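The values are calculated or read from the model by the stated rules, or taken from the named source; none is laboratory data. As the structure is a prediction and not an experimental result, all values here were calculated from the model. Glycine gets a Cβ as well: all are built from the backbone with ideal geometry, and neighbour counts include every protein chain shown. Heads up: the accessible areas ignore ligands, DNA and RNA and are worked out on the full protein's heavy atoms, side chains in. Shrake-Rupley method; radii C 1.70, N 1.55, O 1.52, S 1.80 Å.
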Amino acid sequence: MEGASITNVVLNDAMTMLKKTSRTFYIPISNLDLGLREAVTSAYLCMRAIDEIEDHDELTDQLKVELLLGIHEAFQSPHIIEATQKLLSPYGAELPAVTMQLDEWALLCPPSGASIVYHYIAKMSLQMAEWVQNGWNIHTEEDLDRYTYSVAGMVGEMLSELWLWHDGTQSDLTKAIAFGRGLQSVNILRNRVEDLKRGVDFFPDGWGFKEMQKYTRRNLQLADSYVADLKEGPALKFCKIPLALAHATVNLISVGGNKLTRDAVLKIVSRVTG
C-alpha cells in the first residue's frame, strides 16, 4: 500500500506540472486509463524536461549539448535515477522545476512500459543535442522533416508503441509520425515571432506562412487518417483532442489569429469528446 500511495503522490505532482506546462495535453492525458496515464504522463514530462534545456535562453549551447548527451546516456543506463540526479543537480538555479524533476517523471512510468518510454527519451535527447550543435540549421523541406521528427514525429511513434503495449491497439507508424509532425508544425507557425527573436528559423529557405501552412495541413491530413484507423478505446479518445485543437489553430492562423481562447479550447474538447 505504501508503494501505491507514493505513486499517487508522484502522479498528483505530475498532473499538476502537466496542467502548468500544457493546456493541449493535460485534458486528454488526464482522461486516459490508469497505467497508460502514468506512462504517457511520464513520457510527456520527461520530453518537456529536455525540451526546456534545448530552448533555454541563458544556457550556452555547449552546456545544452553536455546536458542532453548526459540524459541520453542516463536513459540507456541501468541507473537512470542516480545518473540524472548527478547530472542535473549542479544546475538547480538555472533549470526549471519540470527539468529538475526528470528523475521523478522517469520513475512514474509503469515498469512494463518503461523500456518504450526510456528508449524514446534517450533518442530524443541525442537528436536534440545534434540540433543544438548544428545551430538548428534548416534550409530544405528534408531538414524540416528531420527536425519535426526529432522533436515530435518520434512522439507519435512512441505513442503508437504505448497503445500496443496497453491494450493491443494497432496503428500505422508512418501516419503516427505525421501526427506528431502536424502538431509540431502548428507550434512552429504559432511561435514564429518568438523563434526569430531568439535567432532560430524553422522555415526552409524561401518559405513563408503559405508554404508552412501547406506542410502543416498535409501532415494533419495524414494524422486524420491515423486517427480514423484507430479502434474505439483510450488511444482514439486521446488523439482526437490535440488533433482537433491543431486543426482549429491552423485555421485561426490562416486568418491572422494566433492562439485559441480557453473558451474555444473547451468547446472543441466538448465537441470531440461528445
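In the stretch 13-80, Rg over Rh equals 1.05, where Rg is the alpha-carbon radius of gyration and Rh the Kirkwood radius from pairwise Cα distances. Across the stretch 124-169, Cα-Cα pairs farther apart than 12 Å form 65% of the total. Each peptide in 43-49, 191-197, 33-39, 154-160 gets a packing score, the mean of other Cβ atoms within 10 Å over its residues, and the list from highest to lowest is 43-49, 154-160, 33-39, 191-197.
Across the chain, the convex hull enclosing all Cα atoms gives 130 Å³ per residue.
Within the accessible area of the chain, the carbon and sulfur atoms contribute 52%, probe 1.4 Å, all protein chains present. Accessible surface calculations at 1.4 Å, restricted to protein heavy atoms, place the stretch 84-214 at 43 Å² per residue. Cα centroids of the stretch 186-239 and the stretch 68-94: 31 Å apart.
Here, P(r) means the percent of Cα pairs in each 5 Å bin from 0 to the largest distance; for the stretch 59-107 it is 5, 22, 34, 27, 10, 2. Under the membrane-span-like helix rule (DSSP H runs whose alpha carbons stretch at least 18 Å along the helix axis, mean Kyte-Doolittle hydropathy -1.0 or higher), the chain yields 2-21, 36-54, 61-74, 111-133, 154-167, 173-190, 234-254. Estimated from helices alone, the mean residue ellipticity of the chain at 222 nm is -24000 deg cm²/dmol (sum of -39500 (n - 2.57) over DSSP H runs with n ≥ 4, per residue).
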